[in-house]
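The values are calculated or read from the model by the stated rules, or taken from the named source; none is laboratory data. Model, not experiment: these values are computed from the prediction. We place every Cβ from the backbone using ideal geometry, glycine too, and count neighbours over all the protein chains shown.
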Amino acid sequence: MSATGPLQLIQAFANTLGASPGADQLGAPEEAAAWLRGAGLLPAEAGLSNSEYAALLRLRESIRDVLAAHTGGREDADAAARLTRALADGRLVLTVDPASAVQLASAARASYPNLVAVVAIAIAGAAASGAWPRLKSCSAPQCGQAFHDGFGSGAARHCSAHTGSL
């Protein structure tokens, strides 16, 4: 099942790594920049440095590890800590507008921290709505694709491609 709202971005980002060899949409810095531009996360003129590219891959892996924990209905302190460290690059601040509306924003001026902030804000929004634990990774062998568990029980363990086939 596909996620909606802020989880759509997180699901799409996690699913840039496919199950088959060579199915990595972020396989090289140029490919990653192209995907990020297509997702509206990176300005057309921006690219990724080698260190930003490595950080982007760590961000994706940490998200995928947390989603695997969601699937298993377990806590994973190491995965949570890795995701926390990866999201710190977003340099989030709380902003207040003249009407006293409060929101999270990035204090960074560079492209990479801003895209991390967008991911962090999407996760925060999903967590605030209670939807974050329902974004999971498929536990079918050789899959791992992110999916939204929309079932009432919240006990789904497989993406739609593997539901009922195992």
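Looking at Leu36, Leu67, Leu59, Leu41, which one is buried (at least 19 other Cβ atoms within 10 Å of the Cβ), under 14 Å from Leu135 (Cβ atoms) and within 15 Å of the chain's Cα centre (by Cα)?
Working: Leu36 fails: under 14 Å from Leu135 (Cβ atoms); Leu59 fails: under 14 Å from Leu135 (Cβ atoms); Leu41 fails: under 14 Å from Leu135 (Cβ atoms).
Exactly one residue qualifies, and that residue is Leu67.
Scanning segment 13-30 for residues that are in contact with a strand residue (DSSP E or B) (Cβ under 8 Å, 6 or more places away or on another chain) and either surrounded by fewer than 19 Cβ atoms within 10 Å (Cβ to Cβ) or assigned to a loop (DSSP other than H, G, I, E, B) (or both) yields Asn15, Thr16, Leu17, Gly18, Ala23, Asp24, Gln25, Leu26.
Scanning segment 82-95 finds one or more residues that are in a helix (DSSP H, G or I), of a type outside the set (Lys, Arg) and in contact with a Leu (Cβ under 7 Å, 6 or more places away or on another chain).
Whether any residue in segment 157-165 is modelled with pLDDT of 90 or more, more than 18 Å from Thr16 (Cα to Cα) and surrounded by 14 or more Cβ atoms within 10 Å (Cβ to Cβ) is what I want to check.
Of segment 157-165, the ones modelled with pLDDT of 90 or more are none.
No, there is no match, as no residue in segment 157-165 is modelled with pLDDT of 90 or more, more than 18 Å from Thr16 (Cα to Cα) and surrounded by 14 or more Cβ atoms within 10 Å (Cβ to Cβ).
Looking only at residues of segment 96-110 that are over 15 Å from Ala124 (Cα atoms) and of a type outside the set (A, V, I, L, M, F, W, C), we find that the one that is modelled with the lowest pLDDT is Arg109.
Looking at the structure I just gave you, is Ala140 surrounded by fewer than 16 Cβ atoms within 10 Å (Cβ to Cβ) and either outside any strand (DSSP E or B) or on the phi < 0 side of the Ramachandran plot (or both)? I'd like the intermediate steps shown before the answer.
Numbers: surrounded by fewer than 16 Cβ atoms within 10 Å (Cβ to Cβ): no; either outside any strand (DSSP E or B) or on the phi < 0 side of the Ramachandran plot (or both): yes.
Here the answer is no, as Ala140 does not meet what is asked.
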